[in-house]
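The values are calculated or read from the model by the stated rules, or taken from the named source; none is laboratory data. Please read all numbers here as calculations on a predicted model, not as lab measurements. Please note: Cβ atoms are built from the backbone with ideal geometry, for glycine as well, and neighbour counts cover all protein chains shown.
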Amino acid sequence: MDGVSAPPPLYNHCPTTATSFTLISFLFCFLSPRVSLLIVVVFLCCFSSPCRLTPMAQQDAQNGSSENAAAPPAVSFVAVKPQLFVEAPKANDAVLFYKAAFGAEEVGRTLNPKRKADLELPLILSAELKIAGSSILVADLVDDSASPTKAGGNGVVLFLETEDVERAIAKAVSAGAVVESEVVEGEGAFGGGRVGKVKDPYGFVWAISSPGKKGADVEA
């Protein structure tokens, strides 16, 4: 069509097999076999190199490689720990029971900063126990709407530990989870780390947290 230039070719011109066969046939018909063989060898040496991408195609390929290299790394987790909620203030009794019944070892405890009176024993925000090489968390169930059982959950929260809390939460939300609580730090998180909660489409709550400090506030 007039006024429209054809797009540049993706590959430089390469001799086809049919063209090569026609030339060889012509040489052997009109020249001596020795001269024809010499010309064929020269032809193969000069024109048999593989096809090469044009500069534009090479640039496109480099851009594609750069985009792939810029992809963010996957979120990695270091541990998953189920948390059992017990009617307050019986979490300490539950810890003692798991020690006596299953030989549990308490490796860390974080006390809940919220309590009704100074004379009351502090509630347990989370106590970490080791049983048969695996970890579980035990906590007092406080009487507020943020508790998993009050919000329609099942009294179990699954803790996932990672160094990249925000990105892990964002990935879970993009997959269909709903944010249950914003990321908190310090007293509101087990071990003084950072934690935020999401609920999956099936009603289970996942607490995504940074690895907590080991052996904190162990009393029982």
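Candidates 115, 109: the one that is modelled with pLDDT under 90 and not β-branched (Val, Ile, Thr) is 115.
What pairs can you find where one residue is in region 95-123 and within 22 Å of residue 195 (Cβ to Cβ) and assigned by TED's automatic domain parsing to the domain that holds residue 194, the other is aromatic (Phe, Trp, Tyr) and modelled with pLDDT of 75 or more, and their Cβ atoms are less than 9 Å apart, with a gap of 6+ or different chains? Listed pairs, sorted by first residue: 106/98.
If you go through region 85-101 and pick out every residue that is closer than 12 Å to residue 129 by Cα and charged (D, E, K, R), you end up with 1.
Per-residue answers, yes or no, for (1) at pLDDT 85 or above; (2) hydrophobic (A, V, I, L, M, F, W, C); (3) more than 20 Å from the chain's Cα centre (by Cα):
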residue	(1), (2), (3)
145	no, no, yes
150	no, no, yes
173	yes, yes, no
177	yes, yes, no
184	yes, yes, yes
196	yes, no, no
209	yes, no, no
214	no, no, yes
